[in-house]
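*Asks:* One structure coming up, written as structure tokens, with questions to follow.
The values are calculated or read from the model by the stated rules, or taken from the named source; none is laboratory data. The structure displayed is predicted, hence computed values, not measured ones. So basically every Cβ, Gly included, is an ideal-geometry build from the backbone, and we count neighbours across all protein chains shown. Accessible surface areas use protein heavy atoms only, side chains included; no ligands, DNA or RNA. Shrake-Rupley method; radii C 1.70, N 1.55, O 1.52, S 1.80 Å.
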Amino acid sequence: MRLIWIAIAAAAAMLAGPASGQQWPARSVKLIVPYPAGGNVDSAARIVADKLQEKLGQPFIIENKAGAGGMIAGEAFAKSAPDGYTLFVGANGPVLFATEINKREAYNWKKDFLPISTISMTPLVLEVHPSVQATTFKEFIELAKREPGKLTMASPGPGTTNHLLSELMQSSLDLQWVTAHYRGNAPAINDLLGGQVQFAFDQLTVSLQHIKAGLFRALAVTSPHRLKSLPDVPTFTELGYKDFDGQTFTGLFAPAGTPAPVVDKLHETLVAILKDPGVIDKFEKLGGESTPMTSDEFKAYLAREDAKWIPVVRKANIKAD
């Protein structure tokens, strides 16, 4: 009888999930990504997933769950069990803005998400089609003031960091241009390449190849320092516009309530991965930067971004399509 009870207790412990970092992971782990395959968030998730699998000895499986600006994925993640076997690779839109833009409180990152660490930061670049008569940011501003409403900005969608930066700049500098919303970066950049629109604020991941080929002219970047890949392009901060420093973050989250030993093991492993020279090089080639943080640093960063951008969303009355 005693052996039977021991067996039952052992089975119950296994079903209850991991109680410590030593026991986790005992099976495959799912990483929910709120965008289709191929973008910068998905690429970051796959870099990390491969290395987590290598270091922890279990499969880390990507599940792309696009839709509603990332809110479909965010809602599914928020409802998942806090056992360390469902994680979320989120970005600005799905984590901070999606529920505000969709006007539906499906989740709240402050109570439903447990931030583990940032993974990478990808700056935006203000780029113009070569036909635009501006070679500097100053000339761009002068052109926009001289001909209000004539320029058209290519946006990958309402509520993206790209779109919010555009709205903030118009409001702060008393400018006016047309915003053309597309369903993602690819069609937006295709129209910019064709000259149907005049400029964009875009992730360097997408645009670096076109800038280097002379198909776009880069005027400024949102990173806090000049980029190795574009050393001659100034930052907005250098130009005196420190408020225009928005970047696209990717970060790793566990559901709120995940056991501390699991979170600690996950954080320790992730930080080691992000400091690996090979991983750093992969992010640089994508136009981003490997950026590990502590959980508290990540929470503080999210709170600052929330306080900065949610008022922009509300002032511009940005709503989902």
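*Asks:* Is it the case that some residue within region 118-125 is closer than 30 Å to P259 by Cα, open to solvent by 20 Å² or more (accessible area, probe 1.4 Å) and not hydrophobic (A, V, I, L, M, F, W, C)?
*Replies:* No, that holds for no residue.
*Asks:* Based on this model, can you work out whether P115 counts as within 19 Å of the chain's Cα centre (by Cα), within 30 Å of A254 (Cα to Cα) and open to solvent by 10 Å² or more (accessible area, probe 1.4 Å)?
*Replies:* No: the conditions fail for P115.
*Asks:* What pairs can you find where one residue is in region 151-166 and modelled with pLDDT of 95 or more and part of a loop (DSSP other than H, G, I, E, B), the other is of a type in the set (S, T, N, Q) and open to solvent by 10 Å² or more (accessible area, probe 1.4 Å), and their Cβ atoms are less than 7 Å apart, with a gap of 6+ or different chains?
*Replies:* Listed by first residue and then by second, the contacts come to L151/Q198.
*Asks:* Here is a follow-up. Identify all residues within region 145-196 that are small (G, A, S) and open to solvent by 40 Å² or more (accessible area, probe 1.4 Å); write none if there are none.
*Replies:* Restricting attention to region 145-196, the residues satisfying the condition of being small (G, A, S) are 149, 154-155, 157, 159, 166, 171-172, 180, 184, 186, 188, 194-195.
Residues satisfying the conditions are S171, S172, A186, G194.
*Asks:* What are the residues in region 252-265 that are touching a residue at least 12 places away in the same chain (Cβ under 8 Å) and more than 15 Å from S120 (Cα to Cα), if any? Outline the logic, then answer.
*Replies:* Quick first cut of region 252-265, residues touching a residue at least 12 places away in the same chain (Cβ under 8 Å) only: 252-259, 261-265.
Residues satisfying the conditions are A254, P255, A256, G257, T258, P259, P261, V262, V263, D264, K265.
*Asks:* Every residue in region 29-88 that is surrounded by fewer than 21 Cβ atoms within 10 Å (Cβ to Cβ), in contact with a Ser or Thr (Cβ under 7 Å, 6 or more places away or on another chain) and among the aliphatic types (A, V, I, L, M), please.
*Replies:* Passing the criteria: L56, I61.
*Asks:* If you scan region 181-202, which residues turn out to be within 22 Å of the chain's Cα centre (by Cα), touching a residue at least 24 places away in the same chain (Cβ under 8 Å) and either under 20 Å from Q170 (Cβ atoms) or part of a helix (DSSP H, G or I) (or both)?
*Replies:* Step one: of region 181-202, the residues within 22 Å of the chain's Cα centre (by Cα) are 181-190, 199-202.
Now drop any that are not touching a residue at least 24 places away in the same chain (Cβ under 8 Å), which leaves 181-185, 188-189, 199-202.
H181, Y182, N185, A188, I189, F199, A200, F201, D202, listed by residue number.
*Asks:* Same structure, new question: Of the residues that make up region 239-248, is at least one closer than 22 Å to H129 by Cα, open to solvent by 60 Å² or more (accessible area, probe 1.4 Å), assigned to a helix (DSSP H, G or I) and out of contact with any Gly (no Cβ under 6 Å at 6 or more places or on another chain)?
*Replies:* no
*Asks:* Out of (1) within 16 Å of S166 (Cβ to Cβ); (2) in a helix (DSSP H, G or I), the odd one out for F283 is which?
*Replies:* Status for F283: all satisfied but (1).
*Asks:* Further question on the same structure: For the subset of region 58-102 comprising residues that are part of a strand (DSSP E or B) and within 23 Å of A320 (Cα to Cα), which member is nearest to the chain's Cα centre (by Cα)?
*Replies:* Kept after step one, since they are part of a strand (DSSP E or B), are these residues of region 58-102: 60-64, 86-91.
Still in the running and within 23 Å of A320 (Cα to Cα): 64, 88-91.
Numbers: N64: 14, F88: 12, V89: 8, G90: 6, A91: 3 Å.
Filtering first and then ranking leaves A91.
*Asks:* Look at F88 and say whether it is farther than 20 Å from K299 by Cβ and in contact (Cβ under 8 Å) with a residue 12 or more places away in the chain. I'd like the intermediate steps shown before the answer.
*Replies:* Working: farther than 20 Å from K299 by Cβ: no; in contact (Cβ under 8 Å) with a residue 12 or more places away in the chain: yes.
For F88, the condition - farther than 20 Å from K299 by Cβ and in contact (Cβ under 8 Å) with a residue 12 or more places away in the chain - is not met.
*Asks:* Can you tell me how many residues within region 266-313 are open to solvent by 40 Å² or more (accessible area, probe 1.4 Å), touching a residue at least 12 places away in the same chain (Cβ under 8 Å) and of a type in the set (V, I, T)?
*Replies:* The total comes to 1.
*Asks:* Taking R217, is it basic (K, R) and surrounded by fewer than 19 Cβ atoms within 10 Å (Cβ to Cβ)? Lay out the reasoning, then the answer.
*Replies:* On the way: basic (K, R): yes; surrounded by fewer than 19 Cβ atoms within 10 Å (Cβ to Cβ): no.
Here the answer is no, as R217 does not meet what is asked.
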